[in-house]
Amino acid sequence: MGRDEASLLLNGEPLLQHTVRALAKVADEIVLVAAPDQALPAIVTDRPVIVARDAEPGEGPLVDMAAGLAVATAPIALVVGGDMPMLQAPLLRLLVERVVDGAWWVLPVAAERP
């Protein structure tokens, strides 16, 4: 998209707030990864929030994931985009349950597409 999607509003709230709300129903902590100079929108949650800064801006989402995972303290991490306002807690719980069942990672697939 080329702009700060996390701050775009949906129903009067930043997209990031919608994403964090779904994650907070499943996660013990929330890790946000932002560009070095990016101002994140204010987020309301009862979970601890850790902000990691992207050490290599412009290098893509894998570098961002590495930055977030480096500061995460929980034994299981859910990695999602900050601009996913339609995330549903039941799907996130299912993914966590599958990891607990012995998988190293879980990727949802629908209609043969991740």
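The values are calculated or read from the model by the stated rules, or taken from the named source; none is laboratory data. Given the structure is predicted, the values throughout are model-derived calculations rather than measurements. Virtual Cβ from ideal backbone geometry, glycine too; neighbours counted across all protein chains shown.
In the set (1) crowded, with 17+ Cβ neighbours inside 10 Å; (2) under 13 Å from the mean Cα position of the chain (by Cα), Met65 fails one condition alone, (1). Restricting attention to the stretch 1-37, the residues that are acidic (Asp, Glu), modelled with pLDDT under 90 and either crowded, with 16+ Cβ neighbours inside 10 Å or closer than 15 Å to Val79 by Cα (or both) total 1. The set of residues in the stretch 89-107 being surrounded by 11 or more Cβ atoms within 10 Å (Cβ to Cβ), touching a helix residue (DSSP H, G or I) at 6+ places or on another chain (Cβ under 9 Å) and in a loop (DSSP other than H, G, I, E, B) consists of Val106 alone.
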